[in-house]
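Structure first, then comments.
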Amino acid sequence: MIIILKQNANPAKVEELKQNLIEQGFNLHLSEGTVASLIGVIGDTSHLHEDWLRALDVVDSVRRIREPYKKANRSMHPNDTIIDVCGRKIGGGNFQVIAGPCSIETKDQIIEVAEDVKKSGAHLLRGGAFKPRTSPYAFQGLHEQGLDLLLEAKKATGLPVVTEIMSAEHIHLFEDVDVIQVGARNMQNFELLKELGKVDKPILLKRGLANTLDELLMSAEYIMAGGNEKVILCERGIRTFETSTRNTLDISAIPMLKQRTHLPVIVDPSHAAGIRFMVEPLSLAAIAAGADGLMIEVHNNPEKALCDGAQSLTPQMFDDLMKKINQTAAFFQILN
Ligand code: PEP
Ligand code: MN
């Protein structure tokens, strides 16, 4: 339920109302906007009388949220959420590019790619240490050693780092990681999501291969319900009947999510396409559709990559793409 407060509501009376609701066992989500201030009431509100609330001096109106996701709901927080990663803001008109290899392979590889993507203007570095692979015989990532190498690349370049977690048991290893990624295959690993709800770090939550937007938002809600409201959503392509691309990038997910939620929405064109040449057009399309950022795979030697070489850009290709990304982002910023 959302309680919209009157513009010049008496602060003492607002406080009294908040205390009353807390005593009734509700969790409150407060949002102070320039136009209106809201109290989001979270919990079983079926017995909360709207007439009682409407009769209060400080209350302008009362609305029930129909959707099962409450904290992620745009109506709970009309302004875009802006997530700050070491000074790089994502959301609310702030656009960021995350780039790097699919997996961390060697010290030279991750540092070389990190330096290259930084030179081209990437804002954050990605690299997987725990890799979810379809085959148990495929390269599984360097695990702790991979995280150490990623942190060395962070130190060398100053780029904040994003890397995937596969098990709640590993959370303690991610202490110096700036953004924890939940991959498509773990989008509905609810025990992992609950644990990440207790972490004070941004979570990059990727859409599952065959999950609806409502399911993605409910997974975000799991993290937020635990107290961590720093969730970045990522559209990375879904399974369709089309086989000419690895997945099908659901461009319509971007405006639809942005209408339903205040959380930032970024796009991963690399895993959507699975083919290098499509990364550029999909990146530009994502910007045009309103994405708050992009995550792009870049490898210094894609032909020898241990994972996802076919979709990885060379540093030179990424450099060329960054110029077009910047021009396109600037164009759409002017337009909006
Ligand atoms: C990745 O980002 O390396 C990855 C495994 O992506 P996804 O979970 O979207 O498949
Ligand atoms: Mn990959």
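The values are calculated or read from the model by the stated rules, or taken from the named source; none is laboratory data. A quick note: this is a predicted structure, and the numbers were derived from the prediction, not measured. Note that we place each Cβ from the backbone using ideal geometry, even for glycine, and neighbour counts take in every protein chain shown.
ARG74 falls short of the stated requirement of being of a type outside the set (S, T, N, Q) and in the same structural domain as GLU221 (by TED's automatic domain parsing). When region 53-74 is filtered for residues that are over 18 Å from THR261 (Cβ atoms) and either within 16 Å of ligand 1 (Cβ to nearest atom) or surrounded by fewer than 16 Cβ atoms within 10 Å (Cβ to Cβ) (or both), the ones remaining, listed by number, are ARG54, ALA55, ASP57, ASP60, SER61.
Among the criteria (1) over 25 Å from VAL161 (Cβ atoms); (2) more than 16 Å from ligand 2 (Cβ to nearest atom); (3) of a type outside the set (Ser, Thr, Tyr), the one MET278 does not fulfil is (2). Selection of region 125-138 for residues being more than 18 Å from GLU105 (Cβ to Cβ), within 13 Å of ligand 1 (Cβ to nearest atom) and not polar (S, T, N, Q) yields an empty set. Filtering LYS118, LYS198, LYS206 for residues that are touching a Gly at 6+ places or on another chain (Cβ under 8 Å), within 14 Å of ligand 2 (Cβ to nearest atom) and not hydrophobic (A, V, I, L, M, F, W, C) leaves a single hit, LYS206. Of the residues that make up region 210-229, is at least one in contact with a strand residue (DSSP E or B) (Cβ under 9 Å, 6 or more places away or on another chain), within 13 Å of ligand 1 (Cβ to nearest atom) and either over 18 Å from PRO264 (Cβ atoms) or not assigned by TED's automatic domain parsing to the domain that holds GLU169 (or both)? There is at least one residue in region 210-229 that is in contact with a strand residue (DSSP E or B) (Cβ under 9 Å, 6 or more places away or on another chain), within 13 Å of ligand 1 (Cβ to nearest atom) and either over 18 Å from PRO264 (Cβ atoms) or not assigned by TED's automatic domain parsing to the domain that holds GLU169 (or both).
Kindly indicate whether GLN145 is without any contact (Cβ under 8 Å) to a residue 60 or more places away in the chain, within 13 Å of ligand 1 (Cβ to nearest atom) and over 21 Å from GLU195 (Cβ atoms). In short, no.
The set of residues from region 156-180 being of a type in the set (D, E, K, R) and outside any helix (DSSP H, G or I) comprises GLU164, GLU175, ASP176, ASP178. Residues in region 108-145 that are among the β-branched types (Val, Ile, Thr) and either closer than 25 Å to ASP84 by Cα or not assigned by TED's automatic domain parsing to the domain that holds LEU306 (or both): ILE110, ILE111, VAL113, VAL117.
Taken over region 75-118, the criterion of being of a type in the set (Val, Ile, Thr) and more than 16 Å from ligand 1 (Cβ to nearest atom) is satisfied by THR81, ILE82, ILE83, VAL85, ILE90, THR106, ILE111.
A quick yes/no check of all residues on (1) loosely packed, with under 13 Cβ neighbours inside 10 Å; (2) among the basic types (Lys, Arg); (3) within 16 Å of ligand 2 (Cβ to nearest atom); (4) within 20 Å of the chain's Cα centre (by Cα):
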site	(1), (2), (3), (4)
MET76	no, no, no, yes
ILE83	no, no, no, yes
GLU105	no, no, yes, no
ALA114	no, no, no, no
GLY128	no, no, yes, yes
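Looking only at residues in region 283-294 that are under 18 Å from LEU125 (Cβ atoms) and in contact with a helix residue (DSSP H, G or I) (Cβ under 7 Å, 6 or more places away or on another chain), the one that is nearest to ligand 1 (Cβ to nearest atom) is LEU294.
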